[in-house]
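A.B. asks: One structure, as structure tokens, below. Some questions next.
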Amino acid sequence: MNFGIPYMGSKSKICEQVCRLFPNAENFYDLFGGGFSISHFMLKHRCKDFKQLHFNEIREGVCELVKDAINGKYNYDKFKPDWISSDEFKKRVNSDIFVKLIWSFGNNGKNYLFGKDIEFQKKSLHNAIVFNEFNEFATKIFGVSSFPNGFTIIQKRLHLKNRLRINGKGERLEQLERLQQLQQLERLERLEFYTGSYIDVPIKENSVIYCDIPYESTASYDKNNSFNRKEFLDWAANNKEAVFISEYQVKDERFKCISNFEKRSMLSSDKSNTLIKIEKVFVNEVGYKRIFDARKK
Ligand SMILES: C[S@@+](CC[C@H](N)C(=O)[O-])C[C@H]1O[C@@H](n2cnc3c(N)ncnc32)[C@H](O)[C@@H]1O
């Protein structure tokens, strides 16, 4: 299963391994929350261990997108998104977070999703799937000239996959499914949202703080939100609560590496073209002590 919304740098595929590391506490903070994958997993699988979940993301609009998804705005039965052309993308990329994230390549928020050469084909499939409007190209690809009434998005994706016998071609539909699935979350009275820098979020006593910071080697998510790594590491080291950090490397003796696991990213729809990186989790002194105290019990 995927967790959260489609997002560049999402932890969706390794949520379980990461969340298993956290000791119990009253509060859980996802301070660099991005696409909500970790919070989604925590709400679904560890909600009994934490009384309150706090989600923060500095990028404007992300919290609203997540809240809208939870409140059912992207429910397949009522959400019929228009096709966004590359020109439309350019016009709306900085004012519409849905367009910015969902219609950009690799959800990078910058470049349009499709190359010029395939835009027409993708538009035909989009109109067939969303509006049941089939042109010649869509009829050829789907092998039908309309979908039966009540055909779900999952059925359409499977139909497309079976027709093409190529994995990955249904990935656009998977993205829409991911927005829709947040609607199934329950116990939302325990969830609080913040939009700003991690440093401004008030932290309560008895907390676990997870920080999925922008990787040192990666370009920033938004040019107006530069990330000061040194300031962050000082904040985390001096924190009275347990701070867990995801990174490839933290060369600072105030933190201990407690876990590492493989993270695979597909570089193209061809599965053999995969990049494997070792993702690590580091913890401050308070967190390290908490893990060991919990094991003694
Ligand atoms: C690696 S991503 C998080 C991905 C997320 N865990 C997920 O699974 O989708 C890092 C996030 O940190 C955010 N960010 C950058 N600087 C920040 C700051 N000072 N405070 C809070 N968030 C920040 C970025 O906008 C980005 O969304």
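The values are calculated or read from the model by the stated rules, or taken from the named source; none is laboratory data. Just so it is clear, the structure is predicted and the values come from calculations on it, not from any experiment. Note: ideal-geometry Cβ built from the backbone for every residue, glycine included; neighbour counts use all protein chains shown. Heads up: the accessible areas ignore ligands, DNA and RNA and are worked out on the full protein's heavy atoms, side chains in. Shrake-Rupley method; radii C 1.70, N 1.55, O 1.52, S 1.80 Å.
A.B. asks: Out of the residues in the range 1-36 that are assigned to a strand (DSSP E or B) and not charged (D, E, K, R), which is farthest from residue 196 (Cα to Cα)?
C.D. replies: It comes out as 27.
A.B. asks: If we keep just the residues of the range 181-194 that are more than 19 Å from residue 2 (Cα to Cα) and surrounded by fewer than 15 Cβ atoms within 10 Å (Cβ to Cβ), which is modelled with the highest pLDDT?
C.D. replies: Here the answer is 192.
A.B. asks: If you take the residues of the range 50-74 that are in contact with a strand residue (DSSP E or B) (Cβ under 6 Å, 6 or more places away or on another chain) and polar (S, T, N, Q), which of them is least open to solvent (accessible area, probe 1.4 Å)?
C.D. replies: Out of the qualifying residues, it is 56.
A.B. asks: Moving to a separate point now. Yes or no: residue 137 touching a residue at least 24 places away in the same chain (Cβ under 8 Å), more than 25 Å from the chain's Cα centre (by Cα) and open to solvent by 30 Å² or more (accessible area, probe 1.4 Å)?
C.D. replies: No.
A.B. asks: Something else now. Go through the range 1-49 and give me each residue that's open to solvent by less than 20 Å² (accessible area, probe 1.4 Å), more than 11 Å from the ligand (Cβ to nearest atom) and either more than 21 Å from residue 282 (Cα to Cα) or free of Cβ contacts under 8 Å to residues at least 60 places away in the same chain (or both).
C.D. replies: Matches in the range 1-49: 19, 42, 43, 47.
A.B. asks: Of the conditions (1) away from the ligand (no atom under 13 Å from the Cβ); (2) in a helix (DSSP H, G or I); (3) within 26 Å of residue 51 (Cα to Cα), residue 234 satisfies every one except a single condition; which number is it?
C.D. replies: (3)
A.B. asks: Kindly indicate which of 296, 256 is at pLDDT below 95, closer than 20 Å to residue 23 by Cα and either open to solvent by 60 Å² or more (accessible area, probe 1.4 Å) or of a type in the set (Lys, Arg) (or both).
C.D. replies: 296
A.B. asks: Of (1) part of a helix (DSSP H, G or I); (2) open to solvent by 50 Å² or more (accessible area, probe 1.4 Å); (3) away from the ligand (no atom under 14 Å from the Cβ), residue 77 satisfies all except one. Which?
C.D. replies: (1)
A.B. asks: Same structure, new question: Spot the failing condition for residue 93; the list is (1) in contact (Cβ under 8 Å) with a residue 24 or more places away in the chain; (2) buried (at least 18 other Cβ atoms within 10 Å of the Cβ), and only one is missed.
C.D. replies: Result: residue 93 passes all but (1).
A.B. asks: I would also like to ask the following. Out of curiosity, is residue 64 out of contact with any His (no Cβ under 8 Å at 6 or more places or on another chain) and within 11 Å of the ligand (Cβ to nearest atom)?
C.D. replies: Judged against the criteria, residue 64 is not a match.
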